[in-house]
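Read-outs throughout are calculated quantities, based only on the coordinates presented, and are distinct from any laboratory measurement. Fair warning: this is a prediction, and the values are worked out from it, not measured in the lab. We place every Cβ from the backbone using ideal geometry, glycine too, and count neighbours over all the protein chains shown.
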Amino acid sequence: MPRIEDIFDYLSQAEYYTTIDFKSGYFQVGLDPKDRPKTAFSTRDQYYQFTVLPQGVTNDPPAFQRIVSQILGPTRWQYSLAYLDDVIIYSPTFNQHLIHLDDILNRLNDANFRLNISKCQMARTSIDYLGHHIENSNIRPNADNIRALLETQQPATAKEAFLFVKAAEYYRKCIPGFSTIAQPLHQYAPTNKEQRSKKSQSTPITLSDDALDAFNKLKKILTDDLILRIPDKSLPFKIQTDASKIGIGAVLMQVHSNGDLPIAYLSKKFTTTQMNWPATEQECYAIIFAIEKWYKYLDGCPFIIETDHKPLLPFNMKQQLNSKCERWRLKLQQYQFTIRYIKGKHNTVADYLSRSPVDNGSNDEDDYTPIRSRETQTENFTTTHVITPV
């Protein structure tokens with residue numbers, strides 16, 4: 001797998017970019033007949049086996065990466081690069097870009113790869129790639145990575161102010177002068193029984209000028225200064241997740257010698273249906289949503305998930321009794337991750353984001369169970385020539 005920082009070193013020298021999106025990329029890679037029985041599964045009628053590369057197999061990412069790299073051949077690191085199924089073409093001038101684009105498209109056509117044209121971005125001077133925005137030789141984290149924190153409203157209660165400063169405190173080792181910057185917000189920390197009461201913590205407040213300045217300054221540091229770095233694949237990734245009554249929150253980090261540094265944040269409100277889920281399903285949903293959101297960073301490398309919900313510790317180690325969580329567990333089998341317990345008082349960033357979600361809830365596939373016959377599902381599979389009877 002190429003290092004992301006090496007990729008961006010080359011992309012920063014270009015002016016024009018094109019990104020290629022494959023149509024069901026893995027399904028375009030045929031399986032050797034002798035390997036097909038390894039993918040066999042049973043239905044009530046008979047056994048089936050995949051004829052193409054099935055999604056969810058641990059070796060999928062490196063195998064697909066190797067195939068695409070072979071197709072690109074000598075153009076790699078000259079004017080094309082691939083990170084799994086994300087192919088980008090880059091050139092210093094528009095005329096050169098047209099030549100490079102024609103060459104790559106011919107190579108993909110010769111290999112019988114089909115593209116999802118509606119998702120391809122052609123000959124752009126600014127483009128999003130691997131979670132970053134590239135324009136005028138400058139590379140910055142994609143705005144979507146920090147929106148969950150950037151759009152957080154200023155605290156309206158003492159509890160919200162205290163939760164924010166505790167979340168920021170997680171990165172204090174990486175923020176010079178943190179104590180001085182955050183000091184105005186510490187006045188909202190509860191110091192006695194009366195201040196810890198539910199009524200006192202939920203009483204509306206107006207931040208002082210100093211506290212508002214501290215809030216904005218810390219938010220800028222957390223969404224700008226700390227994440228102006230390219231992810232380093234040689235360092236371990238870590239995700240912290242949490243769920244509250246109203247939504248989920250998560251932060252993607254990398255473990256550096258001077259502490260954990262953030263790469264991206266996310267938060268999402270629960271739908272009415274999701275609010276009624278049991279706590280384990282809500283916490284599990286936070287994990288699967290975060291992994292699927294950041295799969296481009298996590299695919300093909302081991303990573304750590306930290307949660308303050310102990311029942312999820314064996315999530316990826318054994319079958320789940322909860323059917324919804326079991327479907328999610330199977331969906332994530334292609335990833336290599338370890339789940340660790342973190343005390344709630346240390347899970348401050350994800351906790352804060354889950355209590356201040358900025359993305360509206362949306363219906364996900366597990367909000368409901370579509371009723372389809374097994375025969376219909378089997379017919380849909382076989383008509384695409386993805387599987388054949390054994």
Item to check | Theoretical FRET efficiency, 1/(1+(r/R0)^6), r = Cβ-Cβ of GLN333 and SER257, R0 41 Å, to 0.05 | outcome: 0.80
Checklist entry - Rounded to the nearest 0.05, what FRET efficiency is calculated for SER179 and SER126 with R0 set to 22 Å and r the Cβ-Cβ distance? => result 0.05
Checklist outcome for this item: For the chain, percent of DSSP beta bridges that are antiparallel (nearest 5) comes out at 80
Next on the checklist: So if the hydrodynamic radius of the stretch 146-225 is defined as the Kirkwood radius over C-alpha pairs, what does Stokes-Einstein give as its diffusion coefficient at 25 °C and 0.890 mPa s, in µm² per second?
Outcome noted: 189
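Given the Cα-Cα distance of ASN142 and LYS23 and 0.36 nm per residue of separation, how much length would full extension add, in nm? Provide the component values of the computation, followed by the final result.
Working: separation 119, 0.36 × 119 = 42.84 nm, distance 2.38 nm.
Full extension from ASN142 to LYS23 adds 40.5 nm.
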Next on the checklist: Under 20 °C and 1.002 mPa s, how fast does the stretch 4-140 diffuse according to Stokes-Einstein, given a Kirkwood radius computed over C-alpha pairs? Answer in µm²/s, whole number.
Outcome noted: 132
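Please go through the residue pairs LYS23/LYS245; LYS219/LYS269; LYS233/LYS331; LYS217/LYS331; LYS268/LYS310; LYS293/LYS343 and name each one whose alpha carbons sit more than 32 Å apart in this structure. Walk me through the intermediate numbers first.
Values: LYS23/LYS245 38 Å; LYS219/LYS269 21 Å; LYS233/LYS331 23 Å; LYS217/LYS331 40 Å; LYS268/LYS310 22 Å; LYS293/LYS343 24 Å.
Result: LYS23/LYS245; LYS217/LYS331 exceed 32 Å.
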Checklist entry - Picking from THR203, PHE162, GLY131, whose Cα lies most toward the positive end of the charge dipole for the stretch 100-205 (charges on Cβ: Lys, Arg +1; Asp, Glu -1)? => result THR203
Item to check | Burial ordering of ILE89, ILE139, fewest other beta-carbon atoms within 10 Å first | outcome: ILE139, ILE89
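If R₀ is 35 angstrom, what is the calculated FRET efficiency for the pair SER12 and ASN276, using the beta carbon separation as r and rounding to 0.05?
Details: r = 48 Å, r/R0 = 1.37.
The formula returns an efficiency of 0.15 here.
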Checklist entry - Any idea what the dipole of the stretch 231-359 comes to, in debye rounded to 20, about its Cα centre with Lys/Arg Cβ at +1 and Asp/Glu Cβ at -1? => result 200
Checklist entry - For the chain, what does -39500 (n - 2.57) per DSSP helix run (n ≥ 4), summed and divided by total residues, give at 222 nm, in deg cm²/dmol to the nearest 500? => result -10000 deg cm²/dmol
Checklist entry - Which stretch or stretches of the stretch 251-293 have amide N atoms under 14 Å from the point lying 7 Å from SER202's Cα along the Cα→Cβ direction? => result none
Checklist entry - What is the distance, in nm, between label points placed 7 Å from the Cα along the Cα-to-Cβ direction at LYS34 and at GLN96? => result 4.5
Next on the checklist: What distance in nm separates the two pseudo spin-label positions at SER323 and LYS310, each 7 Å out from Cα along the beta-carbon direction?
Outcome noted: 2.9
Next on the checklist: Quick check for me: using +1 on Lys/Arg Cβ and -1 on Asp/Glu Cβ, what's the dipole size of the chain about its Cα centre, in debye to the nearest 20?
Outcome noted: 1180
Checklist outcome for this item: Taking a crude spin-label model, label points 7 Å out from Cα along the C-beta direction, the GLU5 to LYS296 distance in nm is 1.9
Next on the checklist: Give me TRP294, TRP77 sorted ascending by neighbouring Cβ count inside 10 Å, so fewest comes first.
Outcome noted: TRP77, TRP294
Checklist entry - In nm, what is the difference between 0.36 nm times the number of residues separating HIS346 and TYR47 and their Cα-Cα distance? => result 102.8 nm
